[in-house]
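In what follows, a structure is listed as structure tokens, so that the remarks can point back to it.
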Amino acid sequence: MSVNGSKNEFADKVALLCFEKFNNLPSKGKPILGKEWTTLSGIVQSDDENRLMVVSLATGTKCIGKSKLSSRGTVVNDSHAEVLARRGLVHYILGQIKLARHHDVETIFDVSSPNCRLTLKPGIKFHFFSSQMPCGDASIFPKNEDCRKRSADTDIGSKVKKQKVDDIHRTGAKCLLEETKQDLNLPGPAYHTVGAVRTKPGRGDPTLSMSCSDKILRWNHIGVQGAMLSLLIDPVYLSTMVISGQCPYSHTALHRAVVGRLNTPGKTYPSLLRSSLNFQDSKHSNPLSKPCPSSVLWRIGDEFNNDGYHEVLVDGRKQGVTKKTMDKPSSASVVCKKSLFDTFKSFNEKYSSMTYQAVKSEATAYKQQWDEKTQQLGCWTEKSKSLIEFT
């Protein structure tokens, strides 16, 4: 599929590709039609010939509480669709690095560079899609703003009187205790404060997972590749963010949440677009349904696995795992920390005996950038170092 056309047409192309890929996946792990809902996110790649293809796709609305965090790196803490789609992209990039280093085949990287670090080819771009606004700060905006936008889309020329809604859309994500901006929890528009750093909600057991708004903000300012991959490749940024159809939407809130809360001089940020297409399994298409407990993860195939990688996750592990098998390598997702780390270590013997924490500590340039951004934000969650000391 080509990237040619207007911004609205391009947004619809990205959304349609993700919908088609999702519809072609097996039914296992998908929501029960009419009874369950989920969020769908994907990463679409374009090249210098204007071709589009989905390279990573995920669904999910769950994350695990802090009591279930694994010190072995074998559990995926955050299974929100946006986060899983990004982890699928990291897994895809690792596969491309492996091909670029050891095989004479076409990859997304420019291997002619004299620098030992890999750089994306000039035409390679990544476009992010989500079927709803990211949880956290992006989800907080006046309901009447969304109503006006919907009216403009659906009742152009109509003289129907619009009802004013004096309230805001709300998020379950909670302000960090260290955050100077705290929710007032007052009626109507004063319930939330905007711009705050938040963690995802958890039932009973609090989570340490940052909201999707906060995580996407981080990706947009220092790259989606993360600390570990920053040792091998130049930063990878999203070129576009597309939000789907009929979900509540505010361009102002989205820009504030995923771009505007930080300042990086000279940085080019992704275009923020809205598709006119709606995801059939979304919460807003099925308002009386319950969130689907499982997550679907898929990423495009390569020389190592022509069929692609397809998994269903529950509570951060592959579906079907029992107490007897949960610690076996076969129960771990291909995008958990341990699996990604194992692939990374295969590129250089230097890292073979190092812990995950030690390798991340080697990424001094990335860490310095993030420390500066954390100071701008004011706070960020810190997990125990014991959780990342695995080898």
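Residue count for the stretch 224-236 satisfying the condition of being in contact (Cβ under 8 Å) with a residue 60 or more places away in the chain and over 18 Å from F341 (Cβ atoms): 2. F390 meets the stated requirement of being in contact with a Lys or Arg (Cβ under 6 Å, 6 or more places away or on another chain), farther than 27 Å from L25 by Cα and not in a strand (DSSP E or B).
Here is a check on your reading of the model: is A227 within 18 Å of the chain's Cα centre (by Cα), at pLDDT 95 or above and of a type outside the set (S, T, Y)?
Values: within 18 Å of the chain's Cα centre (by Cα): yes; at pLDDT 95 or above: yes; of a type outside the set (S, T, Y): yes.
The answer is yes for A227.
For the stretch 213-222, the count of residues that are surrounded by fewer than 22 Cβ atoms within 10 Å (Cβ to Cβ) and over 14 Å from the mean Cα position of the chain (by Cα) is zero. Restricting the first member to the stretch 5-24 and to residues that are closer than 13 Å to F279 by Cβ and touching a residue at least 12 places away in the same chain (Cβ under 8 Å), and the second to residues that are among the β-branched types (V, I, T) and in a helix (DSSP H, G or I), no beta-carbon pair is closer than 6 Å while six or more apart or on different chains. Can you name every residue in the stretch 320-342 that is at pLDDT below 95 and among the polar types (S, T, N, Q)? Across the stretch 320-342, the qualifying residues are T322, T325, S330, S331. Would you mind stating whether S333 is part of a loop (DSSP other than H, G, I, E, B) and either in contact (Cβ under 8 Å) with a residue 40 or more places away in the chain or among the polar types (S, T, N, Q) (or both)? Yes; evaluated as a whole, the condition is true for this residue. Name the residues in the stretch 353-383 that are in contact (Cβ under 8 Å) with a residue 12 or more places away in the chain, farther than 21 Å from C336 by Cβ and exposed (fewer than 14 other Cβ atoms within 10 Å of the Cβ), would you? Listed by number, the residues that qualify are A365, Q376.
The values are calculated or read from the model by the stated rules, or taken from the named source; none is laboratory data. Because the structure is a prediction, the values reported are computed rather than measured. Every residue, glycine as well, gets a Cβ built from its backbone with ideal geometry; the counts of neighbours run over all protein chains shown.
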